[in-house]
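Notes for the one structure printed next.
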Amino acid sequence: MPAFDSNLFPLWLVQVLCALFLAITFLQSGLDKVIDWKGNLGWLTGHFAKSPLRGVVPPMLATITLMELAAGAVSAVGVVLLVLSGGTRVAMWGAALSGLSFVALFFGQRMAKDYAGAGGLVPYFLVTLVALLVLR
């Protein structure tokens, strides 16, 4: 961690906050899917009922759950490493996994013709892009 009065402190703080935001977002979302698998599967089955993806909801849910848990866990480890050593590489990989997860979620929302839901992902995706830029 750079000194509070250092010119590097604001950049470090943005790095930590972005990685922490992604860790919280994806750990909460992934764990919710694990804890309430049945409820999520039921909701998503209805959500995709009229889409070309209606027959693959269970494997899609498993895939996005794993993607979210990986993005959240790697981002969380990245936060710890940013705080302890200032290293950005792990947090950058967490942001990359987060970006892939958001693209997968966006694809699903668009396929389900849930355009409002897809639009709601855009601010999260923008935070991910900022994270990728500041963690390089």
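The values are calculated or read from the model by the stated rules, or taken from the named source; none is laboratory data. Because the structure is predicted, anything quoted here is derived from the model rather than measured. Cβ coordinates were reconstructed from backbone atoms using ideal geometry, including for glycine residues, and neighbour counts include every protein chain displayed. Quick note on the areas: whole protein, heavy atoms, side chains included, nothing else; ligands and nucleic acids left out. Shrake-Rupley method; radii C 1.70, N 1.55, O 1.52, S 1.80 Å.
Relative to the longest principal Cα axis of the chain, at what angle does helix 57-84 sit, 0 to 90 degrees, rounded to 10? Helix 57-84 and the main axis of the chain meet at about 10 degrees. The three principal axes of the Cα atoms in segment 1-53 give end-to-end lengths of 55, 24, 10 Å, sorted in falling order. In the chain, the longest principal axis of the Cα atoms and the axis of helix 89-111 are about 20 degrees apart. The tail of the calculated P(r) for segment 48-97, taken as Cα-Cα distances beyond 12 Å, holds 65 percent of the pairs.
Could you report segment 1-115's accessible area per residue, 1.4 Å probe, as an integer in Å²?
On a per-residue basis, segment 1-115 sits at 57 Å².
Placing R0 at 22 angstrom, the Cβ-Cβ distance between residue 37 and residue 104 gives a FRET efficiency of 0.80 after rounding to 0.05. Protein-only accessible surface at a 1.4 angstrom probe places the residues 102, 21 in the order 21, 102, largest first. Candidates 2, 58, 86 compared by Cα position along the dipole of the chain: farthest toward the positive end lies 58, with charges placed on Cβ. The charge dipole of segment 14-136, taken about the Cα centre with unit charges on the Cβ atoms of Lys, Arg (+1) and Asp, Glu (-1), comes to about 260 debye, rounded to the nearest 20.
Using the Kirkwood radius over C-alpha pairs as Rh, can you work out the diffusion coefficient of the chain via Stokes-Einstein at 4 °C, viscosity 1.567 mPa s, in µm² per second? Mind showing how you got there, number by number?
Working: Rh = 15.6 Å.
Roughly 83 µm²/s, to the nearest whole number.
Helical runs assigned H by DSSP (4 residues or longer) give the chain a calculated mean residue ellipticity at 222 nm of -28000 deg cm²/dmol, each run adding -39500 (n - 2.57) before division by the residue total. Segment 57-136 and segment 1-24 have their alpha-carbon centroids 18 Å apart. To the nearest ten degrees, helix 9-35 and the longest principal axis of the Cα atoms of the chain are 30 degrees apart. With the full set of protein chains in place, find how many percent of the accessible area of segment 6-136 is carbon and sulfur; take the probe as 1.4 Å. The C+S portion of the solvent-accessible surface of segment 6-136 is 74 percent. In summary, the lysines within cross-link reach of residue 50, defined as a Cα separation below 17 angstrom excluding same-chain residues under 8 places away, comprise 113.
Amide hydrogen proximity for residue 135: with H placed 1.01 Å from N in the peptide plane, no residue at 5 or more positions away or on another chain lies under 5 Å. Using the Cα coordinates of segment 72-136, the gyration tensor eigenvalues translate into equivalent-ellipsoid semi-axes of 27, 10, 8 Å, sorted from longest to shortest.
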